[in-house]
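Worksheet: one structure, shown below.
The values are calculated or read from the model by the stated rules, or taken from the named source; none is laboratory data. These numbers come from a predicted model, not from an experiment. Note that we place each Cβ from the backbone using ideal geometry, even for glycine, and neighbour counts take in every protein chain shown.
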Amino acid sequence: MSSPNPARNRTAASLLTDIRMIIALLFVIYGLVLAVLGAAPSAEDLEKSGGFNVNLWSGLGMLAFAAAFAGWAWLRPVAPADPAEQEPGAAE
Amino acid sequence: MHVLAQDQLRLDAAGVDYALLALYFVFVLGVGFMARRSVSDSLDFFLSGRSLPAWVTGIAFVAANLGAIEIIGMSANGAKYGMPTMHYFWIGAVPAMLFLALVMMPFYYGSKVRSVPEFMLFRFGRPAHLVNGISFAAAQILIAGVNLFLLASIVNVLLGWPLWVSLLVAAAIVLTYTALGGLSAAIYNEVLQFFVIVAALLPLTYVGLHKVGGWDGLVQKVSASPGGAEQLSAWPGNELTGFGDSFLSVLGIVFGLGFVLAFGYWTTNFVEVQRAMASKSMSAAQRTPIIGAFPKLLIPFVVVIPGMIAGVSVSEMVALKAGESPGVDYNDAMLLLMRDLLPNGILGVALAGLLASFMAGMAANLSAFNTVFTYDIWQSYVVKDRPDRYYLKMGPWVTVGATAGAVGTAFIASGYENLMDYLQQLFSFFNAPLFATFILGMFWKRMTPTAGWVGLVLGTASAVVVFLLSEAGVIALSGQGASFVGAGAAFVVDIAVSVVISLMTRPKPDEQLVGLVYSLTPKESLKASSTGEDAGWYRKPWLLAGIVLAITVVMNIVFG
């Protein structure tokens, strides 16, 4: 039986082990690094990509994507299908 | 495999690129540790406890196939042939994925088998089970070796590490996360990999289009390039099939690639089917390949199009298309485009995406091998009737053994000149007859156990004969044409032999075939539930499949 209130399952541990949060975390870091690199592009880099600031826009895109995934995980947390399946130590 | 030209392909990776790449590997291993905490019995390890949501298994379903062959091979095809390459995705995958979802998945998931060979056991008995189990396990080790070799040779070229060091490091990483978390780790990592691959290829495609002057610029340049405007339309694809006649070419694509090869690959290949079996309900299992079909429709735009861009903008590729020999081949198209277009930073993400895709293929082979070896060979024929704990404990050791085997076959693979063709041939040997046996066995209750294994053996044998004849030059066909014909022969021989033998031998009694044969299975048990977590129109398998099919038709019209 799933919990009547899904928000109750939204513990820190369950969020951290949600694959959507892990994906979001990776892309937050990628996005930040790229956006910072793209904030001050060298002329050489710009020439390489035909004048398009690829680091900046990819970085911003990744941040938006990460926000969407984190939001999804936050709003629709994983509800354990059966409480008995949860190991006692799993919440640590 | 050819030796890549070292200096041309060495990317200008800087510290930040390596850092981004390393971060990715930290995440991959982290997912392995995370998945480990949820493993408590052998079903957890081998089939993820049948608990994963459909979007996860659906993405894993495509990602398991989005390996080196897909990224490198299809961008190479894009550079060489252009739009006809789209057939590998649209005709050559989507209809088969939908067929798996709607027609075959109810039997796979509904009968609660743990693997494709186990379905053979229930339907046809032990000889067919053993034939299928052993041939599948052997094929997985061979293919894992090829994937590992490709992975290592890319690391070798890009980063300059010696081949054997790259090989061992790559093997160690894949081994660590699969051994730790079993199928869950492999599947979760496939999902992560999928997004990193897209994050790498999408900017590459965009920058590429930007540089050649947008879509119109690409059309102009491709039309003017050797090969001409024919490269811009998917049909009839004469260059791809090698048939001079357009009608035969279309026929070859639809029946050879679209029916026998694709259906054989997608519906019986346990590497793929396993991902659907790991989902949490019949409805989710059916949705897995359908959800996978959406990205499958779109992936060619970030794989084939960059290949085409490389074909008209990378100097070495342009020279190659003009018939010169610049020391690279079409397989290098994607790497050369990355070298030309991507500045440091995004280059690191692209490297992570490439390596991710190559590891995905190998991890998928390993996890499928694990399940089949443990359940279908070890537990069925070698050490029977031990407690579940025993087989769970075995899991990681089987992975170690399989990885060692793959390192061995990778060294064998490094000695082959034309690895891709050889691999495609392998698929036609095993998958085409398997598909024939499955489809006949699922819909014809009269088919007997003897027919099951004899059909498989003779079907495979006839594909091998076609292969040998074309190798010896008796049948004059290109590599692709030969594997179309071989798969067709295997399919026809398997069906014919199975029918004849079935009529001569005794079938299994009806009551043993409930849930395995269409006419003997209550229609209710083949239906997915549509309540609770499976409720909602957007979760109805037939409706979703209809949407996918409609998009496929539209794409074929637009890019036809």
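Summary table below
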item	result
Identity of the residue in region A:23-76, free of Cβ contacts under 8 Å to residues at least 24 places away in the same chain and of a type in the set (Phe, Trp, Tyr), that ends up nearest to the other protein chains (Cβ to nearest Cβ)	A:Phe52
Matching residues, region B:309-325, being assigned to a loop (DSSP other than H, G, I, E, B) and either within 12 Å of B:Ala79 (Cβ to Cβ) or hydroxyl-bearing (Ser, Thr, Tyr) (or both)	B:Val314, B:Ser325
Residue in region B:206-218 that is within 14 Å of chain A (Cβ to nearest Cβ), part of a helix (DSSP H, G or I), under 30 Å from B:Ser279 (Cβ atoms) and in contact (Cβ under 8 Å) with a residue 12 or more places away in the chain present	no
Residue among B:Val146, B:Val94, B:Val103 that is out of contact with any helix residue (DSSP H, G or I) (no Cβ under 7 Å at 6 or more places or on another chain) and either touching a residue at least 24 places away in the same chain (Cβ under 8 Å) or hydrophobic (A, V, I, L, M, F, W, C) (or both)	B:Val103
Selection status of B:Arg339, in a helix (DSSP H, G or I), of a type in the set (Lys, Arg) and closer than 16 Å to B:Phe99 by Cα	no
Residue match in region B:147-154 (condition: in a helix (DSSP H, G or I) and either on the phi > 0 side of the Ramachandran plot or surrounded by fewer than 20 Cβ atoms within 10 Å (Cβ to Cβ) (or both))	no
Hits in region B:333-386 (condition: within 14 Å of chain A (Cβ to nearest Cβ) and among the β-branched types (Val, Ile, Thr))	B:Ile346, B:Val349
Test for B:Lys384: is it under 30 Å from B:Val113 (Cα atoms), in a helix (DSSP H, G or I) and more than 27 Å from the chain's Cα centre (by Cα)	no
Top-ranked residue in region A:7-22 [being facing chain B (nearest Cβ under 9 Å) and farther than 17 Å from B:Val196 by Cα; ranked as modelled with the highest pLDDT]	A:Thr17
Qualifying residue in region A:74-83 (condition: in a helix (DSSP H, G or I), modelled with pLDDT of 90 or more, within 22 Å of B:Thr57 (Cα to Cα) and among the aromatic types (Phe, Trp, Tyr))	no
Unmet requirement for B:Val328, which otherwise passes all of (1) outside any helix (DSSP H, G or I); (2) within 24 Å of the chain's Cα centre (by Cα)	(2)
Qualifying positions in region A:30-68 - outside any helix (DSSP H, G or I) and touching a Gly at 6+ places or on another chain (Cβ under 8 Å)	A:Asn53
B:Asn189 vs. criteria buried (at least 22 other Cβ atoms within 10 Å of the Cβ) and modelled with pLDDT under 85	yes
Index of the failed condition, B:Val196 passing every other in (1) of a type outside the set (Gly, Ala, Ser); (2) assigned to a loop (DSSP other than H, G, I, E, B); (3) within 14 Å of chain A (Cβ to nearest Cβ)	(2)
Residue in region B:391-422 that is modelled with the lowest pLDDT, counting only those that are hydrophobic (A, V, I, L, M, F, W, C) and within 18 Å of B:Asp376 (Cβ to Cβ)	B:Leu392
Qualifying residue in region B:324-332 (condition: over 21 Å from B:Phe358 (Cβ atoms), among the charged types (D, E, K, R) and away from chain A (no Cβ under 14 Å))	yes
Scan of region B:96-113 for residues that are buried (at least 21 other Cβ atoms within 10 Å of the Cβ), more than 22 Å from B:Thr448 (Cα to Cα) and not aliphatic (A, V, I, L, M), ordered by number	B:Tyr109
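Condition check ((1) over 30 Å from A:Ser42 (Cβ atoms); (2) modelled with pLDDT of 85 or more; (3) not hydroxyl-bearing (Ser, Thr, Tyr)) across all residues:
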site	(1), (2), (3)
B:Val304	yes, yes, yes
B:Ala322	yes, no, yes
B:Ile346	no, yes, yes
B:Ala350	no, yes, yes
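Table: residues versus (1) hydroxyl-bearing (Ser, Thr, Tyr); (2) not in a helix (DSSP H, G or I).
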site: B:Pro343; (1), (2): no, yes
site: B:Ser357; (1), (2): yes, no
site: B:Gly395; (1), (2): no, no
site: B:Gln425; (1), (2): no, no
site: B:Phe435; (1), (2): no, no
